[in-house]
Amino acid sequence: MYWSYTATFLQYGVALLLFPFILRILPTETVAIWTIFTTITAFVNLLDFGFNPSFMRNVAYVFSGAKELKSTGLLVVEEANANVDYGLLKGLISAMRFFYSRMAVLLCLVLTTIGSYYIFTLLKNYTGSHSEIYISWIIVCCINSYSFYTLYYDSLLLGKGLVKRVKQIIIAGQITYLLTAIVLILSGFGLISIVSAQAISVIIKRILSYRSFYTTEIKDNLQKNGQKSQKDILKAIYPNAIKVGLTSIGSFLVNRSAIIIGSLYLSLQVIASYGITMQVLAIISGLASVYFSAYLPKILQCRVQNDNHGIKFLYITACLLLFTTYLIGGASLLLGGDWVLSFIGSKTTLLNKSLLALALSITFLESNHALAGGILVTKNEVPYFKASLLAGSFTLALLFVFLRYTNLGVWGLLLAPGIAQASYQNWHWPIVVIKELHIKANDIRDIGTSYCNRLYKSIKG
């Protein structure tokens with residue numbers, strides 16, 4: 001948990017730690033371009049199309065002793081401490097390389113063509129250095145393509161159970177990113193500083209990931225065993241992977257399309273304030289979900305063992321910590337966010353308090369139903385992919401109407417996804433989980449009281 005909280009804070013919070021340098025030194029227009037780059041990087045992850053968690057889950061099955069891979073349902077291994085089928089693992093690694101190499105080439109083509117045209121369109125009204133933005137964009141294209149090609153390293157490490165090592169690698173990479181970015185920003189390299197620091201960070205993380213997984217034992221066993229059918233492995237993985245991918249598209253449309261579309265209708269100054277606000281909220285959201293992420297392997301174990309009581313306990317605890325984190329983080333942001341930005345001399349401000357309160361509410365509801373969805377997908381089923389796509393499409397339609405035919409401005413950026421999610425997803429999936437786990441008010445009270453008592457004893461001790 002300690003490694004997870006630290007890694008999650010740095011994963012989301014490096015941007016927060018860089019704010020005093022970025023917001024004080026870089027012009028507001030450049031901050032807006034940086035926000036757009038961040039959104040494009042998030043879009044890149046959509047090309048994974050749900051294969052990364054599916055690959056990770058199947059790597060875990062192999063290291064648990066599975067001799068075959070299934071497309072749906074839970075795979076139960078009866079034999080304790082079963083041997084690893086390295087032929088199956090070798091075929092799975094080959095399948096991952098096959099998938100990610102081709103998708104990385106596609107990504108590079110999309111970024112250098114459609115992406116470059118989009119950046120060129122944005123720069124028509126940009127008053128800063130165009131060459132700085134174009135150099136930064138070239139670095140973004142290269143490092144995102146490389147990062148995507150090597151994404152399967154994450155699946156290998158997590159599937160093998162090296163969760164703490166993954167968190168340590170994230171921490172090492174993020175600290176490298178932070179220190180490199182600070183030095184380069186203070187040296188006057190502008191936006192190039194941030195994307196260069198990101199590139200160095202990614203390379204270091206991939207080198208550490210490779211060395212952590214490919215031990216001498218793993219290499220020897222892979223070399224000794226013949227490879228099982230790559231085609232059969234992909235056929236077993238792709239059904240649920242496609243569903244998770246469609247869900248990711250819907251989630252992106254809900255959470256990220258506002259910046260892409262909004263930048264075509266609103267000024268870069270407004271987009272900068274919106275982008276900074278949403279990045280801070282992403283930090284709160286990430287910290288609020290740490291407990292669930294850290295205990296997800298335990299939830300999967302409970303699911304395989306049909307231990308609904310264990311799942312109920314972990315889910316309620318995760319929900320209580322989610323609510324507490326949002327309550328404390330949201331109150332701090334509303335009361336002290338503007339003061340902090342003013343103290344560091346930021347050229348970019350947060351959204352006003354009314355908009356900020358609305359954004360907090362919408363983000364909390366999103367995080368809450370995502371938690372319920374995370375419980376449901378542990379059954380190796382993806383019941384929410386259609387609803388996610390519909391919510392994404394509804395968000396796009398509302399954004400277009402609000403921005404083109406009304407004067408709502410930033411209100412429209414927030415209301416579009418808020419209305420789309422509140423129509424179904426915000427309330428439906430939590431209700432499904434509550435009914436499935438037979439959760440009652442007494443369960444929430446008892447678990448909440450238990451943790452309050454433990455916290456009190458810890459502080460008193």
Please specify each residue of segment 323-333 satisfying the condition of being surrounded by fewer than 18 Cβ atoms within 10 Å (Cβ to Cβ) and among the aliphatic types (A, V, I, L, M).
327, 328, 331
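Residue-wise test of (1) within 23 Å of the chain's Cα centre (by Cα); (2) open to solvent by less than 20 Å² (accessible area, probe 1.4 Å); (3) aromatic (Phe, Trp, Tyr).
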residue: 321; (1), (2), (3): yes, no, no
residue: 335; (1), (2), (3): no, no, no
residue: 357; (1), (2), (3): yes, no, no
residue: 365; (1), (2), (3): yes, no, no
residue: 369; (1), (2), (3): yes, yes, no
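If you go through segment 280-319, how many residues are open to solvent by 40 Å² or more (accessible area, probe 1.4 Å), in a helix (DSSP H, G or I) and either farther than 18 Å from residue 4 by Cβ or modelled with pLDDT of 85 or more (or both)?
Matching residues across segment 280-319 total 4.
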So, in segment 214-235, how many residues would count as being assigned to a helix (DSSP H, G or I) and crowded, with 19+ Cβ neighbours inside 10 Å?
2
Enumerate the pairs (first residue in segment 146-171 and open to solvent by less than 10 Å² (accessible area, probe 1.4 Å); second residue anywhere and aromatic (Phe, Trp, Tyr) and modelled with pLDDT of 85 or more) with beta-carbon separation below 6 Å, excluding pairs fewer than 6 apart on the same chain, so at least 6 apart or on different chains.
152/100; 156/213; 157/213
Report those helices (runs of 4 or more DSSP H) wholly inside segment 344-461 carrying at least 3 residues which are at pLDDT 90 or above and among the polar types (S, T, N, Q).
353-377
Residues located in segment 162-199, provided they are part of a helix (DSSP H, G or I) and of a type in the set (Phe, Trp, Tyr):
177
Extreme residue, farthest from residue 144 (Cα to Cα), among residues of segment 22-42 that are surrounded by fewer than 19 Cβ atoms within 10 Å (Cβ to Cβ) and of a type in the set (A, V, I, L, M, F, W, C)
25
Quick check on residue 361: is it under 25 Å from residue 290 (Cβ atoms) and out of contact with any His (no Cβ under 8 Å at 6 or more places or on another chain)?
yes
I'd like the full set of residues that are closer than 18 Å to residue 25 by Cβ and either open to solvent by less than 20 Å² (accessible area, probe 1.4 Å) or of a type outside the set (Gly, Ala, Ser) (or both), limited to segment 337-349.
340, 341, 343, 344, 347, 348, 349
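The values are calculated or read from the model by the stated rules, or taken from the named source; none is laboratory data. Keep in mind that what you see is a predicted model, and the values were worked out from it rather than measured. Using ideal geometry, Cβ is built from the backbone for each residue, glycine included, and neighbour counts are taken over all protein chains shown. Heads up: the accessible areas ignore ligands, DNA and RNA and are worked out on the full protein's heavy atoms, side chains in. Shrake-Rupley method; radii C 1.70, N 1.55, O 1.52, S 1.80 Å.
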